[in-house]
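A short write-up of the structure that comes next.
The values are calculated or read from the model by the stated rules, or taken from the named source; none is laboratory data. Fair warning: this is a prediction, and the values are worked out from it, not measured in the lab. Note that we place each Cβ from the backbone using ideal geometry, even for glycine, and neighbour counts take in every protein chain shown. Remember, those area values only see protein heavy atoms, side chains included, never the ligands or the DNA or RNA. Shrake-Rupley method; radii C 1.70, N 1.55, O 1.52, S 1.80 Å.
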Amino acid sequence: MKKITCLLALFTIFSISLSCNSCSNDKDSPADPGTVTDPVETNAPNSAYKPAFEGQTRINGIKTNTSFQGVVVTSSLASPWGVKMLPDGRLLITEKAGQMRIVTTAGVVSSPITGIPAVNASGQGGLLGLCLDPEFASNKMIYWVFSEATTGGNNTAVAKGKLSADEKTIEGATVIYRAKPANSSNLHYGGRILFDKTGNLVVSTGERSVLETRPLAQSVSSGLGKVVRLTKEGQPASGNPVFTGSGALAELYSIGHRNPQGLALHPVTGEIWESEFGPRGGDEINRLKAGANFGWPTITYGIEYSGEKVGAGIQQQSGMEQPVYYWDPVVSPSGMTFYTGNRVPEWENNLFIGALSGMHIVRLAIENNKVVGEERLLTSENQRFRDITQGSDGALYAITDQGRLYKIDKK
């Protein structure tokens, strides 16, 4: 009898194994994200706020089973802020003080590229995010966001220019958009930029932090605390949503943002995802929708730095979107990218986000627009990760406030 029981048990295990192998080989199924662990966040939250749905925060942890490493390519950058891959595999990097540099994957750093309009680098300002024209290989056009000192204070501004043939200067640099009104605050500029699947520019702007401008994140007549969608000339893109309200701006794509420092295109759906700083708690990952209101400062999972409630202290309201995911306490999510390589199978279509105060790289596994697992990478490096991109070699490249460029790849 014992032998029969053992044989039945072995048969059952064998059957389950075959079934699991069949599932994992099913091309319609998501890639195995790795070993499931306890949630990576173990510190107490700042508030007693409850998530709107299961898995909105503190999801189970996951661990990459493939052996990988993060290697420092160079440590000689000065407060880098944005990084993008050039067609030949080198990396174009912005530095906060107002320089662009080209860096090879061997760590050779170019001299500063000249011809860039002056930035106001005080506070959180400076030369911020950048992107390349989809036709960069032929037209050499670059687009970037920066903080601009102007009459009445500072603006989040967008500029474009052509990289010269010798790669030493930007030719014909022109400011094509300014998020108004200007304000003397040197905080919360937002500052990421990318091209969407229709060939239009998408730009994130902050609400500038101070109490006088914070409500403008909800104002359709202001460019602060928004995601805007523009043509290459800086005009409102065709097909933008129509917001109702007096003086509604035609460039608006979504409203109700605090300090959005990350934008990325989902490699399968082409949808735009966004990362956004909360105050004490309430860092967000959002899946953007045209015409949507993401709630700041009316709803938030964070509290004021003083410990008081933000506004009425509510987290949900009709007509306002919920974040796909949020953190409390914060990790300070900045630049981000989806992984489309095949070097590390567990990472397929995962979202990677630079965490500043968290001092790690966030990896989020996503299925059906919901986060199903979270991992923290390079935690032992003690670096403030500002931006991350994927190279033509399939590796990830990340920059830190302390001046490092990392290559993250399979060993």
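Out of 251, 284, one residue alone is closer than 30 Å to residue 55 by Cα, modelled with pLDDT of 95 or more and open to solvent by less than 50 Å² (accessible area, probe 1.4 Å). It is 284.
In segment 151-171, the qualifying residues are those that are farther than 29 Å from residue 87 by Cβ and at pLDDT 95 or above, and the one that is surrounded by the fewest Cβ atoms within 10 Å (Cβ to Cβ) is 153. In the condition set (1) touching a Gly at 6+ places or on another chain (Cβ under 8 Å); (2) in a strand (DSSP E or B), residue 264 is compliant with all but (1). When 192, 178 are screened for being in contact (Cβ under 8 Å) with a residue 40 or more places away in the chain, assigned to a strand (DSSP E or B), open to solvent by 10 Å² or more (accessible area, probe 1.4 Å) and more than 20 Å from residue 101 (Cα to Cα), only 178 passes.
Any residue at all in segment 363-375 that is over 26 Å from residue 269 (Cα atoms) and under 16 Å from the mean Cα position of the chain (by Cα)? No, the conditions are met nowhere in segment 363-375.
Of all residues in segment 248-299, those satisfying the criterion of being without any contact (Cβ under 8 Å) to a residue 40 or more places away in the chain and β-branched (Val, Ile, Thr) are 255, 269, 299.
Looking at segment 311-411, the strands (runs of 3 or more DSSP E) lying wholly inside it that each contain 1 or more residues that are open to solvent by 10 Å² or more (accessible area, probe 1.4 Å), farther than 21 Å from residue 55 by Cα and acidic (Asp, Glu) sit at 405-410.
Among what's in segment 287-310 and is outside any loop (DSSP other than H, G, I, E, B) and within 28 Å of residue 131 (Cβ to Cβ), pick the residue that is most open to solvent (accessible area, probe 1.4 Å). In this case the residue turns out to be 287. Within segment 156-172, is there a residue that is polar (S, T, N, Q) and not in a strand (DSSP E or B)? Within segment 156-172 (the criterion being polar (S, T, N, Q) and not in a strand (DSSP E or B)), the answer is yes, since at least one residue qualifies.
If the condition is being within 17 Å of the chain's Cα centre (by Cα) and charged (D, E, K, R), then segment 376-407 contributes 376, 384, 386, 387, 401. Mind checking whether some residue in segment 211-220 is touching a Ser or Thr at 6+ places or on another chain (Cβ under 6 Å), modelled with pLDDT of 95 or more and surrounded by fewer than 24 Cβ atoms within 10 Å (Cβ to Cβ)? Yes - at least one qualifying residue is present in segment 211-220. Does segment 134-143 include one or more residues that are crowded, with 20+ Cβ neighbours inside 10 Å, farther than 19 Å from residue 236 by Cβ and of a type outside the set (S, T, N, Q)? Scanning segment 134-143 turns up at least one residue that is crowded, with 20+ Cβ neighbours inside 10 Å, farther than 19 Å from residue 236 by Cβ and of a type outside the set (S, T, N, Q). Note on segment 254-277: among residues that are over 18 Å from residue 177 (Cα atoms) and β-branched (Val, Ile, Thr), the one that is most open to solvent (accessible area, probe 1.4 Å) is 268.
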